[in-house]
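The values are calculated or read from the model by the stated rules, or taken from the named source; none is laboratory data. Remember, it's a predicted structure, so these values are computed and weren't measured experimentally. Here the Cβ positions follow ideal geometry from the backbone for every residue, glycine too, while neighbour counts run over all protein chains shown. Accessible surface areas use protein heavy atoms only, side chains included; no ligands, DNA or RNA. Shrake-Rupley method; radii C 1.70, N 1.55, O 1.52, S 1.80 Å.
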Amino acid sequence: MLKKTLTIAGSDTSGGAGMQADLKAFQEHGTYGMVALTVVVTMDPKNWSHSVTPLPTALLQSQIDTALSTGVDAIKTGMLSTEEIIQIASKAIQKSGTDKIVIDPVMVCKGDDEVLNPGNTTAMVNYLLPYATVVTPNLFEAGQLAGVPTPKTIADMQVAAAKIHALGAKNVVIKGGKALAHDKAVDLFFNGTEFKLLETEKVASTYNHGAGCTFAASICANLANGLSVEEAVIEAKEFVSAAI
Ligand code: PXL
């Protein structure tokens, strides 16, 4: 039987990120993907500025009820955009009966640097991190969750990862990606006892929109398929690197 994966995430109408990327990654990893849609993101054709429109929360709740009634093996969260939506996602996770939970703490869209809502960070810390099997912040998100300046070095990433772990996330992967001053694309993995650097070659490409969503969704599918957390993360990094 195919394992069932659920993403609680937004729609990126341009198709590269959000639930569109999640469903493709779920499929490529041989799982049966479902979506509970939180927001719709559209882009102004003139200047590509993003508009984020939440769906009515009752509609989000009925999507969650539908998906959970089928039984889910793993859940991923993406763009949640308001504190109320974060709380609904938290309750869904607690009700789901699975402990395979991947939190992608989306705070901004690539190509748009407006933070969605500063109160969301506190809500994610309180309502999502305690249930996270894996949390996958980028450098900016890691700094925000940890309450430290945006990490610039691997030592900074270690400090942030330890703080995020102490907030309840069982495993933390900080995506250093291209931004970090390092010759490889490095992510830092921390499971509460040891730090591991995951390195792939940097790829000279601007076509990396949606890489974060694909990474987290791949981890989610891998966990559903029974991989260990570390195996799930390593495969997901290789998958995204090959896709870019
Ligand atoms: O890449 C972050 C992201 C997540 N979810 C949705 C998005 C984006 C960025 O555009 O649109 C729905």
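Remarks
- From the list Ala21, Ala89, the one residue that fits, being of a type in the set (A, V, I, L, M) and more than 11 Å from the ligand (Cβ to nearest atom), is Ala89.
- From the list Thr42, Thr57, the one residue that fits, being of a type outside the set (Phe, Trp, Tyr), open to solvent by 10 Å² or more (accessible area, probe 1.4 Å) and touching a His at 6+ places or on another chain (Cβ under 8 Å), is Thr42.
- A Cβ distance below 7 Å, combined with a sequence gap of six or more or placement on separate chains, defines the contacts here; from the stretch 1-27, residues that are over 16 Å from Ala89 (Cα atoms) reach residues that are more than 12 Å from the ligand (Cβ to nearest atom) and of a type in the set (S, T, N, Q) in the pairs Leu2/Thr31; Lys3/Thr31; Lys3/Asn225; Lys4/Thr31; Lys4/Thr70; Ala25/Ser218; Phe26/Thr5.
- Residue list for the stretch 24-44, filter: within 15 Å of the ligand (Cβ to nearest atom) and out of contact with any strand residue (DSSP E or B) (no Cβ under 7 Å at 6 or more places or on another chain): Lys24, Ala25, Asp44
- Lone qualifier among Ser49, Ser96 - being more than 16 Å from the ligand (Cβ to nearest atom) and hydroxyl-bearing (Ser, Thr, Tyr): Ser96
- Conditions (1) open to solvent by 80 Å² or more (accessible area, probe 1.4 Å); (2) touching a His at 6+ places or on another chain (Cβ under 7 Å); number of the one not met by Ala204: (2)
- Residue in the stretch 108-122 that is among the hydrophobic types (A, V, I, L, M, F, W, C), surrounded by 20 or more Cβ atoms within 10 Å (Cβ to Cβ), closer than 19 Å to Lys175 by Cβ and away from the ligand (no atom under 16 Å from the Cβ) present: no
- Filter pass, Ser81 being closer than 25 Å to Leu223 by Cβ, at pLDDT below 95, among the hydroxyl-bearing types (Ser, Thr, Tyr) and within 13 Å of the ligand (Cβ to nearest atom): yes
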